[in-house]
Structure formats: structure tokens, C-alpha cells
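The values are calculated or read from the model by the stated rules, or taken from the named source; none is laboratory data. Given the structure is predicted, the values throughout are model-derived calculations rather than measurements. Cβ coordinates were reconstructed from backbone atoms using ideal geometry, including for glycine residues, and neighbour counts include every protein chain displayed. Please note that ligands, DNA and RNA were not included when accessible areas were found on the heavy atoms of the full protein model with its side chains. Shrake-Rupley method; radii C 1.70, N 1.55, O 1.52, S 1.80 Å.
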Amino acid sequence: LELDRDLPDSWAQLQASIQSRNWIRHRSQPKLDGALDLAEQYLTDVDRGVKIVMFAMDIDTTERIGEALSEVTDNVYVVHSQIAASTRKKDRLVRQRIDRFAQADHGVLIAPELLDEGIDVPDAEVGINVAGTKTKLQLVQRMGRVLRKHGDKSPHFHHFVAVPDEHHLEGLDGKQYVQELNWVRELGEAIGEQPT
């Protein structure tokens, strides 16, 4: 049985619609605006220099965040798989930018899923996740990149979720939001700190 031949075109259209809806949720402008406002508050706090790691969903969103935050600070470090044409140059640029972020006393490192791939991320006090998380493990890994106590600094992790209003689809959206909220609550129990 070859499933591709047996599936009607309407199923392919449904799959494309669901994927398109997922991208709308991941690239939600209100969610992105909220994350940018929060990052700007941290970066303009004159009392202390803060280091932020921001997780974006894709390269385009990563670049948009980088451009917006470049108006707030010079210490913006954007890394992704397409920052150079060759793999060798890309790897060198990624390493250079991460090293510069590590040496800076404040700034923001922004990346899509590239940071999930085992790259050693320097200490940061703040994590901001505007990327959708596919699994609880992915969220745990991102939180673990930031929620490490170092020195006298207290780490914070902000996880943004897009919630539709009048276009909410009960059968599709409800399950995903409940699942994501459940993950966050479970993680809060595991680390002894419930989300606010």
C-alpha cells in the first residue's frame, strides 16, 4: 500500500493549511513584539549589564529580531546556518560571534534551532524563547542553556506562547496550548519554581 497515491488532494491541502497555521503561530507579531519589548527593557537597564539568549523559530525571524535590537545595543550576535555561503566560513563566524558574546558584559545572542544542536552557549542571565517548542525535551534544553546559576546573578527564562483570539480552533489549538502550558508547569515543579 502506497499511502501517497491513496491520499486525496484534500488531505494534502489540509496538511498544508495546518503547517501554514503553525508558521503563523510561530511568527506571531504580538508574541514577537512582546519579546522585543522585554529584551529592550533588559538591555537598556542602566544599573546592570545583562546577557540574553533569544531562541527564534527560523532564520528570517532571527534576522528581524537582530535588526530591531541593533537599535538598542551594539552587542547583538546573530547566528544561524546561513550567515555564510560555505560551511567552513559559517562555522568560523558562528564561533566568533559566540566567543564575542561570551566576552561581552552585556548583549544578546539570537539564533534559531542552531543552539539546540550541542553548541556550547556562554552563560547568560536571561533566556527568551519566541520559538515554538515541538517537544518538552526541546523546551527543557533551551531552559537549561540559561537556568544555570553563575556568580551572584539570578537567571530568568521567558517562554512566549501565541494564543489566537477570534480565530481559535478548539480541536486544533486547544490541545497544543494545554500541552505547552502543562510542560511549563511540570518544569516549574521539577525546578521548584512555578511560572508567573
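Observations, loosely collected:
- Note on the range 113-124: among residues that are touching a helix residue (DSSP H, G or I) at 6+ places or on another chain (Cβ under 9 Å), surrounded by fewer than 21 Cβ atoms within 10 Å (Cβ to Cβ) and not β-branched (V, I, T), the one that is modelled with the highest pLDDT is D123.
Here is a yes/no grid of residues against (1) of a type in the set (V, I, T); (2) at pLDDT 90 or above; (3) open to solvent by 70 Å² or more (accessible area, probe 1.4 Å):
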| residue | (1), (2), (3) |
| --- | --- |
| D47 | no, no, yes |
| V50 | yes, no, no |
| A56 | no, no, no |
| G66 | no, yes, no |
| L69 | no, yes, no |
| D74 | no, yes, yes |
| V78 | yes, yes, no |
| A84 | no, no, no |
| D99 | no, yes, no |
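- Among the candidates R88, R148, R142, R95, the residue that is within 26 Å of G188 (Cβ to Cβ), out of contact with any Lys or Arg (no Cβ under 6 Å at 6 or more places or on another chain) and either open to solvent by 30 Å² or more (accessible area, probe 1.4 Å) or at pLDDT 80 or above (or both) is uniquely R148.
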